Amino acid sequence: MSLSKVQKTEAKYLLHTYDRYPVLFTHAKGATLYAEDGSKYLDFLSGIGVMALGYSHPEITKTIREQSAKLVHVSNLFYTEFPGLLAEKLVKLSGLDRAFFANSGTEAWEGALKLARAVASGKGLKKRTKFLAMENSFHGRTFGSMATTFTAKYRKPFAPVMPGVEFVKFNDVEDLKAKFDDTVCGVCIETVQGEGGIHPATREFLKAARELTAKSGALLLLDEIQCGLGRTGKMFAFQHYAVKPDVVTLAKPLAAGLPLGAILVTEEVAAAIHPGMHGTTFGGGPLACAVALKVLDVMQKDKILQHVKETGAYFMDLLGELDARHASIVDVRGVGLMVGVELDDAELAKAVQKAMLDEKIIINRTHETVLRFLPPYVVTKKDVERVVKTLDRILTSCASSGDAAAKPAAGPRQRLPKATASTAR
Ligand SMILES: Cc1ncc(COP(=O)(O)O)c(C=O)c1O
């Protein structure tokens with residue numbers, strides 16, 4: 001089917017929730033997406049952080065083929081062999097104790113919020129219902145997730161959202177301390193904020209959140225839906241810190257593009273849940289769980305974390321050189337292959353993203369001014385060089401066409417700390 005025909009059908013029949021780019025993809029391999037018109041694109045977004053092992057990975061394809069021929073779904077009323085094995089693997093990798101499987105990031109996060117309330121009510125602490133969430137956070141689109149998501153445009157049209165959420169300035173220990181009291185059941189943090197513009201939590205902030213929650217019996221909930229499962233060069237982003245959460249949520253790369261989310265919890269949190277309190281029809285099905293097991297297998301066997309660390313560090317080095325030369329770059333932040341380049345103007349960021357797409361490179365723009373890069377973990381240094389060279393050329397051409405001011409010659413600029421793995425320590 002042609003792009004124009006697809007566009008016409010969607011315009012007539014789909015809810016208009018997405019402004020799609022005018023590209024119709026038909027198939028993909030590794031980090032390359034192929035469009036219906038024969039053109040090919042280098043993907044530095046991986047379906048918004050999902051296709052970590054790249055597209056059409058032979059072992060993933062084989063697992064999908066074999067498992068789908070055997071058993072796709074049977075409901076959570078019965079046993080299948082995979083959810084227990086997947087939980088065991090995630091528990092061993094994370095140091096937490098138990099898992100629950102959902103179908104998406106937002107559903108995992110909803111479950112995490114419910115657990116925090118259940119733990120408090122299980123202890124008879126009826127007043128303890130408040131969540132402290134972070135400014136610039138994003139946790140999803142369902143009601144609890146929306147309520148803990150900072151950006152007003154996601155919440156306002158659907159008000160009133162879930163009550164009992166207060167926002168804290170991200171990485172501001174004093175603000176956290178000032179707002180923390182004995183009504184708090186959970187502190188909600190993305191270990192590295194994604195939609196908010198690629199901002200890692202500071203070491204001091206996570207430590208303070210851990211100490212406050214541990215002292216009061218509230219939970220520390222880490223949302224690693226975007227930054228978890230190898231994206232930062234460690235299996236879990238919190239492993240860059242000397243902090244262990246009570247709850248961590250996962251999703252995007254877990255099942256290589258099949259919908260699967262997970263909540264990992266400590267034994268103490270798990271004790272608050274009994275049969276019938278929480279559940280889902282599709283979550284933890286045999287197909288998605290078999291694929292997720294294979295994803296984790298391949299990541300370990302192919303030493304993917306090491307590759308993410310090295311390729312991410314190379315990417316950051318090259319972007320650092322660009323930063324020194326382009327006035328329009330305000331900051332370069334990144335941990336592993338979760339990278340943001342903040343520009344000084346939203347229109348410029350939009351134009352750069354479009355120009356990259358015209359050059360057949362897929363990136364994303366978030367928080368208005370931040371170019372976001374979430375490539376498949378399997379990208380090569382050569383891929384990175386192509387992306388940086390193209391970005392360099394586009395920024396230069398924008399500057400010469402008057403879209404960006406010249407870089408001030410003197411004085412170090414005010415910058416956020418470079419968020420390499422070393423600053424996330
Ligand atoms: C940190 C974080 N939490 C939650 C979500 C929601 O996940 P989903 O879109 O799978 O519901 C996202 C999605 O971008 C995310 O980045």
Within segment 233-261, track down each residue that is surrounded by fewer than 24 Cβ atoms within 10 Å (Cβ to Cβ), modelled with pLDDT of 95 or more and over 18 Å from V298 (Cβ atoms).
Q239, Y241, V243, K244, P259
Considering only residues that are more than 26 Å from L212 (Cβ to Cβ) and away from the ligand (no atom under 12 Å from the Cβ), which ones fall in segment 236-256?
A256
Criterion violated by A288 - all others in (1) outside the structural domain of C227 (by TED's automatic domain parsing); (2) under 22 Å from P376 (Cβ atoms); (3) of a type in the set (G, A, S) satisfied
(1)
Qualifying residue in segment 185-193 (condition: farther than 26 Å from L343 by Cα and either hydroxyl-bearing (S, T, Y) or within 13 Å of the ligand (Cβ to nearest atom) (or both)):
yes
Among what's in segment 12-28 and is touching a residue at least 24 places away in the same chain (Cβ under 8 Å) and within 22 Å of the chain's Cα centre (by Cα), pick the residue that is surrounded by the fewest Cβ atoms within 10 Å (Cβ to Cβ).
Y21
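Does E135 qualify as being away from the ligand (no atom under 16 Å from the Cβ), among the acidic types (D, E), more than 20 Å from A118 (Cβ to Cβ) and modelled with pLDDT of 95 or more? Show your work before the answer.
Details: away from the ligand (no atom under 16 Å from the Cβ): no; among the acidic types (D, E): yes; more than 20 Å from A118 (Cβ to Cβ): yes; modelled with pLDDT of 95 or more: yes.
Spelling it out, it is not the case that E135 is away from the ligand (no atom under 16 Å from the Cβ), among the acidic types (D, E), more than 20 Å from A118 (Cβ to Cβ) and modelled with pLDDT of 95 or more.
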Within segment 93-101, is even one residue among the aromatic types (F, W, Y) and in contact with a strand residue (DSSP E or B) (Cβ under 7 Å, 6 or more places away or on another chain)?
yes
Looking only at segment 45-74, filter to residues that are in contact (Cβ under 8 Å) with a residue 24 or more places away in the chain, outside any loop (DSSP other than H, G, I, E, B) and aliphatic (A, V, I, L, M); which one of those is nearest to the ligand (Cβ to nearest atom)?
I48
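Mind listing just one residue for me: the one in segment 217-229 that is away from the ligand (no atom under 15 Å from the Cβ) and either farther than 17 Å from V168 by Cα or assigned to a strand (DSSP E or B) (or both) and, of those, nearest to the chain's Cα centre (by Cα)?
L220
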G279 vs (1) part of a helix (DSSP H, G or I); (2) assigned by TED's automatic domain parsing to the domain that holds S121: all pass except (1)
Considering only segment 315-352, how many residues are farther than 19 Å from Q226 by Cα and either not assigned by TED's automatic domain parsing to the domain that holds F373 or not in a helix (DSSP H, G or I) (or both)?
9
Return a yes/no flag: does segment 197-216 have any residue that is out of contact with any strand residue (DSSP E or B) (no Cβ under 7 Å at 6 or more places or on another chain), in contact (Cβ under 8 Å) with a residue 24 or more places away in the chain, outside any strand (DSSP E or B) and within 15 Å of the ligand (Cβ to nearest atom).
no
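The values are calculated or read from the model by the stated rules, or taken from the named source; none is laboratory data. Since the model is a prediction, treat every value here as computed from it, not as a measurement. Here Cβ is always computed from backbone atoms with ideal geometry, including for glycine, and neighbour counts include all displayed protein chains.
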